[in-house]
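Worksheet: the structure to be examined is printed underneath.
The values are calculated or read from the model by the stated rules, or taken from the named source; none is laboratory data. None of the values given here were measured: they were computed from a predicted structure. Reconstructed Cβ throughout: ideal geometry from the backbone, glycine too, with neighbour counts over all protein chains shown. Ligands, DNA and RNA are stripped out before the accessible areas are found, and what is left, the full protein with its side chains, is counted by its heavy atoms. Shrake-Rupley method; radii C 1.70, N 1.55, O 1.52, S 1.80 Å.
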Amino acid sequence: MSTSTSVVTEEQKPDLEQIEIWKCKGTECKAWVRKEFVTEDVPTCPLCKGQMVRSYKHVPVTTKKGNKKFLVGKKRF
(Lines give C-alpha, C1' and ligand atoms only; values in the text may rest on other atoms or scores of the structure.)
Protein backbone atom coordinates (compact mmCIF):
# COMPACT_ATOMS: atom_id res chain seq x y z
CA MET A 1 0.00 0.00 0.00
CA SER A 2 1.56 3.23 -1.11
CA THR A 3 0.51 6.64 0.11
CA SER A 4 1.34 9.77 -1.78
CA THR A 5 1.11 13.22 -0.40
CA SER A 6 -0.41 15.85 -2.58
CA VAL A 7 0.51 19.46 -2.15
CA VAL A 8 -2.47 21.77 -2.35
CA THR A 9 -1.48 25.21 -3.47
CA GLU A 10 -3.77 28.17 -3.34
CA GLU A 11 -4.15 30.17 -6.48
CA GLN A 12 -2.56 33.53 -6.13
CA LYS A 13 -5.39 35.97 -5.63
CA PRO A 14 -4.82 39.61 -6.51
CA ASP A 15 -4.91 42.17 -3.72
CA LEU A 16 -8.34 43.78 -3.54
CA GLU A 17 -9.34 47.27 -2.52
CA GLN A 18 -12.80 48.50 -1.58
CA ILE A 19 -14.07 51.44 -3.62
CA GLU A 20 -17.26 53.50 -3.46
CA ILE A 21 -19.53 53.10 -6.48
CA TRP A 22 -22.97 53.95 -7.79
CA LYS A 23 -24.80 50.85 -9.06
CA CYS A 24 -28.03 50.52 -10.98
CA LYS A 25 -31.05 49.61 -8.88
CA GLY A 26 -32.61 47.61 -11.74
CA THR A 27 -32.46 43.85 -11.29
CA GLU A 28 -31.66 43.13 -14.93
CA CYS A 29 -29.07 45.92 -15.33
CA LYS A 30 -25.52 45.32 -14.08
CA ALA A 31 -24.16 48.84 -14.64
CA TRP A 32 -21.96 50.52 -12.04
CA VAL A 33 -19.75 53.62 -11.99
CA ARG A 34 -16.91 54.66 -9.67
CA LYS A 35 -17.92 57.49 -7.35
CA GLU A 36 -15.07 59.74 -8.52
CA PHE A 37 -16.42 59.67 -12.10
CA VAL A 38 -19.93 60.88 -11.15
CA THR A 39 -20.68 64.59 -11.34
CA GLU A 40 -24.35 64.62 -10.24
CA ASP A 41 -25.63 64.26 -6.66
CA VAL A 42 -27.87 61.33 -7.65
CA PRO A 43 -26.90 59.95 -11.07
CA THR A 44 -29.08 58.00 -13.49
CA CYS A 45 -27.94 54.72 -15.01
CA PRO A 46 -25.97 55.30 -18.23
CA LEU A 47 -27.42 52.12 -19.77
CA CYS A 48 -31.09 51.88 -18.77
CA LYS A 49 -31.62 55.43 -17.38
CA GLY A 50 -32.92 53.93 -14.10
CA GLN A 51 -32.18 55.04 -10.55
CA MET A 52 -28.76 54.34 -9.05
CA VAL A 53 -27.81 53.67 -5.41
CA ARG A 54 -24.52 54.12 -3.56
CA SER A 55 -22.63 50.92 -2.78
CA TYR A 56 -19.15 49.41 -2.47
CA LYS A 57 -17.20 47.03 -4.71
CA HIS A 58 -13.96 45.09 -4.27
CA VAL A 59 -11.67 45.49 -7.27
CA PRO A 60 -8.06 44.41 -7.90
CA VAL A 61 -5.43 46.93 -6.86
CA THR A 62 -3.78 48.54 -9.86
CA THR A 63 -0.30 49.90 -9.90
CA LYS A 64 0.42 53.10 -11.73
CA LYS A 65 3.12 52.72 -14.32
CA GLY A 66 5.29 55.80 -14.25
CA ASN A 67 7.94 57.33 -16.41
CA LYS A 68 5.80 57.42 -19.53
CA LYS A 69 6.83 59.92 -22.12
CA PHE A 70 4.27 61.64 -24.30
CA LEU A 71 5.34 62.45 -27.83
CA VAL A 72 4.11 65.85 -29.02
CA GLY A 73 5.58 66.94 -32.29
CA LYS A 74 9.28 66.22 -31.94
CA LYS A 75 9.47 66.99 -28.22
CA ARG A 76 9.07 64.46 -25.47
CA PHE A 77 7.39 65.49 -22.22
When all protein chains stay in place, what accessible area (Å², nearest 10, 1.4 Å probe) is found for THR44? 90
Please give me the summed charge of the neighbours of LYS49: other residues whose Cβ is under 14 Å from its Cβ, Lys and Arg +1, Asp and Glu -1. -1
Subtract the Cα-Cα distance of VAL53 and LYS30 from 0.36 nm times their separation in residues, and report this length gain in nm to one decimal. 7.1 nm
Tell me, what ³J(HN,Hα) does each residue in segment 14-31 have, in order and in whole Hz, if you take phi through Karplus 6.51 cos²θ - 1.76 cosθ + 1.60 with θ = phi - 60° and put x for Gly and Pro? x, 5, 10, 10, 9, 10, 8, 9, 10, 10, 5, 7, x, 6, 7, 8, 10, 6
In nm, to one decimal, how far is the modelled label at THR39 from the one at VAL61, with both set 7 Å along Cα→Cβ? 3.3
